[in-house]
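S.K.: Mind looking over this structure? Questions follow.
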Ligand SMILES: NC(=O)c1ccc[n+]([C@@H]2O[C@H](COP(=O)([O-])OP(=O)(O)OC[C@H]3O[C@@H](n4cnc5c(N)ncnc54)[C@H](OP(=O)(O)O)[C@@H]3O)[C@@H](O)[C@H]2O)c1
């Protein structure tokens, strides 16, 4: 099993689904600390887990989280949404989706790049198979 001994990991969208598994996997693989970031953080029963407020659609929220978690060495862009958006008619839902799934990870990446550069760290983006360009 690959290890990340001593790493300081941040997971966006950590409250459920894949995000929660990333938190547990990071701990199992030797992370020293895991920031479990969420819009409404929940308590965790492990001292190595630090709940952190982070809404990927809010630049202010992301900036505040980056200030707190300045020691990260692994950032996992996991937060994402699916809202049934269509590309015809009212585009409100499609815009919301791009705010969360496209601009969100970019804003997070920009905010945490200084810390990742300083630690020589790693960025992991969780995407969908729909992201693949099958023509190439
Ligand atoms: N499951 C699949 O089949 C599948 C397929 C393709 C891609 N993915 C991608 O995999 C990732 C994880 O998906 P999942 O299946 O684990 O989904 P999930 O259970 O719905 O978890 C998504 C998490 O993202 C969080 N989130 C949503 N909007 C956010 C925001 N504005 N700021 C911060 N957090 C936000 C949610 O937080 P709240 O608790 O606050 O709602 C939730 O904890 C997503 O990026 C998703 O697009 C999943």
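Here, each number is a calculation from the coordinates, and none is a lab measurement. What you see is a predicted model, and the numbers here were worked out from it, not measured in a lab. Reconstructed Cβ throughout: ideal geometry from the backbone, glycine too, with neighbour counts over all protein chains shown.
S.K.: Relative contact order for the chain: what percent, with Cα pairs under 8 Å and sequence separation of 6 or more? Walk me through the numbers on the way to the answer.
M.R.: Numbers: 223 pairs, mean separation 31.0, N = 136.
Relative contact order, the chain: 23 percent.
S.K.: Follow-up question, since we're still on this one. Using the C-alpha atoms of the chain, what convex hull volume per residue, in cubic angstrom, is computed?
M.R.: Working: hull volume 17.6 nm³, N = 136.
Hull volume over Cα atoms, normalised by residue count, gives 129 Å³.
S.K.: Once both axes come from the Cα atoms, what is the angle between helix 17-28 and the longest principal axis of the chain, in degrees from 0 to 90, rounded to 10?
M.R.: Compared with the principal axis, the helix lies near 20 degrees.
S.K.: Order the peptides 27-36, 98-107 from the highest to the lowest mean number of other Cβ atoms within 10 Å of their residues.
M.R.: Descending packing order for the listed peptides: 27-36, 98-107.
S.K.: Report, in deg cm²/dmol and to the nearest 500, the calculated mean residue ellipticity at 222 nm for the chain, where each DSSP H run with n ≥ 4 adds -39500 (n - 2.57) and the sum is divided by the residue count.
M.R.: Result for the chain: -10000 deg cm²/dmol, rounded to the nearest 500.
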